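The values are calculated or read from the model by the stated rules, or taken from the named source; none is laboratory data. Not measured: the values here are computed from a predicted model. Here the Cβ positions follow ideal geometry from the backbone for every residue, glycine too, while neighbour counts run over all protein chains shown. Side chains are part of the model used for accessible areas, which takes the heavy atoms of the whole protein and leaves out ligands, DNA and RNA. Shrake-Rupley method; radii C 1.70, N 1.55, O 1.52, S 1.80 Å.
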Amino acid sequence: MRVRAKCLAVLLMVCAMLLCGSRTDRQSGERRQYLPVVLMYHLVEETPFTEHEELFVRPEDFEAQLRALSEAGYAFLFADEYGPTDTPSVILTFDDGYADNYTIALPLLQKYGAKATVFVAENLVGQAHYLTEAQVRALADSGCVRIGSHTMNHVPLGKTDADAVEQELAGSQTALEEMTGQRVRALAYPNGSFRAATARTAAESYDFAYTIQDPRVTTRFSTMTIPRLNVKRGMDGAALLSRVEAVEKMLTRADGI
C-alpha cells in the first residue's frame, strides 16, 4: 500500500507539473514552468563496432548538439533532478556505460559546462568497450556526470520474475554506490522493458526511472516511467534542437496529460 500510495502521489505531481506549465503565464502572469526534455544516448563514437550503427553518435554531432542546446539557453540537469524548472531544460542520459562516455563524451560535456547521467549495468563494468571501475569513479567525481542504475545484468525487467527484479535493482544500486561513494537515485529500464509491478518495485529504492518511450507519443507518465527522446547517428545540432523544442512545447501545454 505504501508503494502504491507513493506511485499515485508521483503521478499526481507530474500531472500538476504538466498542467501548471502554460496556464501560469497566460492566466496569472506568473513565471512559466517547464518540464525537462530527456535525451537518450548510448555511444559517442566515430566508427561503429556493432551492427547497431544508429546508436553511435558521431563526436562532431554530439558537440554540435551541446553547442546548439547551450546557445538556445537550455539548462542541463541530472537524471535525479527531474522536475519543473523556470527555464527550458534538458537531461542527457547514456545507457549501458560504454567507455567512450568517459574518453569522448566527458571532455565535451566539460567544454560546454553540460551535465549528463550515465546508466551503468554493473556486471558490464570492465568488459570490452565498457567503462572500467576507475572510469566510473572518475565520471562520478567529475561534477559533470552522475551515475545511475541500469540493473546488474541488463535484463528485460518486464519479463523477469519479482524476486529477480528486486535483486537486479537493489544489487545494482548497492554496488554502484559502493563504487562511487555517491547516492544512486535514478534508474533506466534496460531495453525499456518494465511492467506496472516493476515500477512499483523500483519506487522502493529509486526516486526516478526512465523508459525508452518517445515523449512525442507518451501523454501519461510518472517519475517512475519518464519518457526519453532517442538521439540517433546522423542528427546534427539544428535537427536535435528542433525536436527538443517541439517536445518542450508538448510537455508544457495546458492539456498535456
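Odds and ends about this structure:
- Unmet criterion (only one of (1) more than 21 Å from residue 154 (Cβ to Cβ); (2) not in a loop (DSSP other than H, G, I, E, B)) for residue 73: (2)
- In region 206-250, the qualifying residues are those that are among the charged types (D, E, K, R) and open to solvent by 70 Å² or more (accessible area, probe 1.4 Å), and the one that is nearest to residue 56 (Cα to Cα) is 232.
- Of all the residues in region 88-105, those that are of a type outside the set (D, E, K, R), open to solvent by 10 Å² or more (accessible area, probe 1.4 Å) and either within 17 Å of residue 39 (Cβ to Cβ) or assigned to a helix (DSSP H, G or I) (or both) number 5.
- Taken together, the criteria exclude residue 204 from residues that are acidic (Asp, Glu) and not in a loop (DSSP other than H, G, I, E, B).
- Residue among 49, 94, 62 that alone is out of contact with any helix residue (DSSP H, G or I) (no Cβ under 9 Å at 6 or more places or on another chain) and not acidic (Asp, Glu): 49
- Scanning region 82-125 for residues being under 14 Å from residue 146 (Cβ atoms) and either without any contact (Cβ under 8 Å) to a residue 12 or more places away in the chain or among the polar types (S, T, N, Q) (or both) gives a total of 3.
- Screening 182, 127, 167 for residues that are over 23 Å from residue 56 (Cα atoms), open to solvent by 30 Å² or more (accessible area, probe 1.4 Å), not in a helix (DSSP H, G or I) and not aromatic (Phe, Trp, Tyr) leaves exactly one candidate, 182.
- Residue-level analysis places residue 146 among those that are in contact with a Ser or Thr (Cβ under 6 Å, 6 or more places away or on another chain) and open to solvent by 30 Å² or more (accessible area, probe 1.4 Å).
- One residue from 99, 105, 75, 114 being at pLDDT 95 or above, among the aliphatic types (A, V, I, L, M), within 17 Å of the chain's Cα centre (by Cα) and closer than 20 Å to residue 176 by Cβ: 105
- Where a residue in region 188-204 is at pLDDT 95 or above and open to solvent by less than 20 Å² (accessible area, probe 1.4 Å) and its partner, wherever it lies, is hydroxyl-bearing (Ser, Thr, Tyr) and assigned to a helix (DSSP H, G or I), with Cβ under 9 Å and at least six apart: 189/198
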